[in-house]
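Before any comments, here is the structure.
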Amino acid sequence: MDVFSTTVLIISAVAIILLWIILYFVPIGLWFSALVSGVRIGLLQLVLMRWRKVPPGTIVSAMIEGTKAGLHLNANELEAHYLAGGHVSRVVHALVSAQKANIMLDFKMATAIDLAGRDVFEAVQMSVNPKVINTPPVTAQSQDGIQLIAKARVTVRANIKQLVGGAGEETILARVGEGIISSIGSAESHKTVLKNPDSISRVVLEKGLDAGTAFEILSIDIADIDIGRNFGAGLQIEQANADKNIAQARAEEKRAMAVALEQEMIAKVQEMKAKAQEARATVIAAEAEIPRAIAEAFRNGNLGIMDYYKIRNIQADTAMRESIGKPEDVSK
């Protein structure tokens, strides 16, 4: 290959590279597509988008979609939203869907919702097609002590005006669960709740649970109610056991008092027996002194023989009366 051919190849390669660079920074194709689609945007503005690191294709596609749908979009506003970290395509999709569904949604509100971290296009779809949220099992106890486990389906629709700053699904689920617990807890019997589960829905809906949230509650339907534990019977069993323990303690106390009283009576009887034995010993000792006293009286002349015999007769009469007064021994 001669020098001329080499030079021609180098010049061609440089020309191709320069042409690619020019076409990259000067997106003539995008400008022409916008022009034939009725979108008025300057070629210089597309070039400046490249320098500002904004993809012109995203902006042009969004403006074409909006223009075809009858929206009046501003390229500078779309570019500013992209630079702020927003999703331009999603915002335009939401605006087009809202217009078709006759939902009041302007560009400012849509960009605010998008920058708040919510999917504005999904919100518009939820406004048209409500979403069903299934609550986790909610456990509550009626006044008769029966535990009920309820599951509900909450049909919600997005509230466009409350998407910025409004509470999310977690708040809806928490409030609905609280309402179910309050409704079941106020019921006198679990049978009433099982018979009319729609009463729970009415009570919960009347509380206005969607206030301050990003959703509007359309309906609350009780999907399932199961019977759990019988806390009333459990409490009665525990009360009965407590009463039984108290009665046993009182009986044990009375038994201990009876045993103590018995021991006290036995001690008193033993004491009385000891005193009786002591008195008997005193009597025996005194009786042993009688013959000596009689003998001493004989010696001193204080007692005559006739007096002695009178004493003996009196003793004999006394012994006879005692033998007559004693009962006969039948066993002999």
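Tally up the carbon and sulfur contribution to the accessible surface of the range 164-290 as a whole percent, 1.4 Å probe, everything protein left in place.
Whole-percent figure for carbon plus sulfur exposure: 56.
Measure off, as a whole percent, the carbon and sulfur share of the 1.4 Å-probe accessible area of the range 93-135, all protein chains present.
Values: 1250 of 2360 Å².
Carbon and sulfur together cover 53 percent of it.
Whole-Å semi-axes of the chain's equivalent ellipsoid, largest first, each the root of 5 times a Cα gyration tensor eigenvalue?
Working: eigenvalues 3023, 158, 47 Å².
Output for the chain: semi-axes of 123, 28, 15 Å.
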Sparsely packed GluC sites (Glu not before Pro) within the range 88-188, loop by DSSP, other Cβ within 10 Å at most 14: E188
Which whole-Hz ³J(HN,Hα) couplings does the range 206-216 yield from phi under the Karplus relation 6.51 cos²θ - 1.76 cosθ + 1.60, θ = phi - 60°, glycine and proline marked x? 5, 7, x, 6, 8, 5, x, 10, 8, 10, 10
Inter-site label distance for R280 and I266 at 7 Å from Cα along Cβ, in nm: 2.1
For the range 276-287, take each phi angle, set θ = phi - 60°, evaluate the Karplus expression 6.51 cos²θ - 1.76 cosθ + 1.60, and give the result in whole Hz per residue in order, putting x for glycine and proline. 5, 4, 5, 5, 4, 4, 5, 5, 4, 5, 5, 5
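Let me know the charge dipole size of the chain about its Cα centre in debye, to the nearest 20, where only the beta-carbon of Lys, Arg (+1) and Asp, Glu (-1) is charged. Write down the numbers at each step before the final one.
Details: 35 positive and 36 negative charges, 82 e Å.
That gives a dipole near 400 debye.
Count the DSSP beta bridges whose two residues both fall in the chain, then state the antiparallel fraction as a percent rounded to the nearest 5.
Details: 20 of 21 bridges.
If I count the DSSP bridges inside the chain, around 95 percent turn out antiparallel.
Using a 1.4 Å probe, what is the accessible area per residue for the chain, in Å²? Mind showing how you got there, number by number?
Values: 22110 Å² over 332 residues.
That works out to 67 Å² per residue.
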Between L35 and R50, what length comes free when the chain is fully extended (0.36 nm per residue of separation minus the Cα-Cα distance, one decimal in nm)? 3.5 nm
For helix 56-68, report the angle its Cα long axis makes with the longest principal axis of the Cα atoms of the chain; keep it between 0 and 90° and round to the nearest 10°. 90
Rounded to the nearest 5, the percent of DSSP beta bridges in the range 92-233 running antiparallel is 95
For M320 and T155 in one chain, what is 0.36 nm times their gap in residues minus the Cα-Cα distance, to one decimal in nm? 47.8 nm
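The values are calculated or read from the model by the stated rules, or taken from the named source; none is laboratory data. No experiment lies behind these values; they were computed from the predicted model shown. Counting neighbours? That spans all protein chains shown, and the Cβs are built from the backbone with ideal geometry, glycine included. Side chains included, ligands, DNA and RNA excluded: accessible areas come from the protein's heavy atoms. Shrake-Rupley method; radii C 1.70, N 1.55, O 1.52, S 1.80 Å.
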